[in-house]
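Q: Please find one structure pasted underneath; my questions will follow.
What follows is calculated from the coordinates using simple rules that are stated; it is not laboratory data. Predicted, not measured: the structure shown is a model, and the values here were computed from it. Please note: Cβ atoms are built from the backbone with ideal geometry, for glycine as well, and neighbour counts cover all protein chains shown.
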């Protein structure tokens, strides 16, 4: 692999680098899409919960309005509603002398909101731009939503709380219905009018913690897949380079061999008697001279038994016996 890396001009290294970049970009894009999906799912889950809380709360208000309010004992925390002074049935007395006061939907909403704020992680707030009760005045976020919610009935957002904590906040409008006119008609409200709304707030940290755990798991998984793919690209590149280098060496050896033998290729004119060879200039030369001139071959001279018997019969050392 060292030889391969040291050859920056090789097309193979360019292919490997491009493949690694494409693999990285592809996995990065998939991880980004998966992480964004996890964030959307957390937001969708929070929206579903806050919306469900609102509609459950709305049904409770509807039940109260259907019965034109409910009566509860007067206590230190539950005093007669000063905004129902004109209602002749605001306060009742039992035969035992207990004083009961009417809880209309708005009063009941405020009390449930106080209990939810103290006991749980869910906060409700009945509010409007022109509240009858000053305690129902909107905070900054609610006021902003109330001014731009005219084109829709609900709004949902992840915001930072007063102490920097993250909250999912949901807001939906309330519409004046026939059973609401008994109290609201005196304030100029008409059937179908939007009379403020209810905001629902829940802590976002549990959702964000779960979301971050899922994203962390995704990150580890994608990094493992990326590393496996990256190693596979590197391994394939090294293997291909090795084969390419071996093939190049074989080709070079073949070319060298062909270069060495091509000098003796073709038809050679040779004397049928003395075995001399005619060169390209037309001169006759001995076989060993011609071959030595056209190939890297050196001859050592000896004499075969037949020639020794023919030329030197008196020194024939090859006779048997």
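Q: Once the principal axes of the Cα atoms of region 268-315 are found, what is the range along each, listed largest first in whole angstroms?
A: Largest first, region 268-315 extends 41, 24, 12 Å along its Cα principal axes.
Q: Spin-label point model (7 Å from Cα, Cβ direction): what's the residue 228 to residue 24 distance in nm?
A: So the two model labels end up 2.1 nm from each other.
Q: Turning to a different aspect of this structure: Report the percentage of all Cα-Cα pairs in region 105-164 whose separation exceeds 16 Å, rounded to a whole percent.
A: Percent of Cα pairs beyond 16 Å in region 105-164: 54.
Q: Determine, for 246, 281, the number of other Cβ atoms within 10 Å of each Cβ, and report the residues in order from fewest to most.
A: 281, 246
Q: What's the ranking of 103-113, 220-230 by average number of surrounding C-beta atoms within 10 Å, highest first?
A: 103-113, 220-230
Q: Compute the length gained on full extension between residue 216 and residue 71: take 0.36 nm times their separation in residues and subtract their Cα-Cα distance, giving the result in nm to one decimal.
A: This chain segment gains 46.9 nm when fully extended.
Q: Something else about it: With viscosity set to 0.890 mPa s and temperature to 25 °C, compute the Stokes-Einstein D of region 21-105, Rh being the Kirkwood radius across alpha carbon pairs; µm²/s, no decimals. Walk me through the numbers before you get to the answer.
A: On the way: Rh = 17.4 Å.
It diffuses with D of about 141 µm²/s by this estimate.
Q: In addition: Students often check this: by mean Cβ neighbours within 10 Å, which of 85-96, 165-176 ranks highest, and how do the rest follow?
A: Highest-to-lowest ranking by the protection proxy: 165-176, 85-96.
Q: Further question on the same structure: I need the per residue convex hull volume for region 29-68, using only the alpha carbons, in cubic angstrom as a whole number.
A: 30
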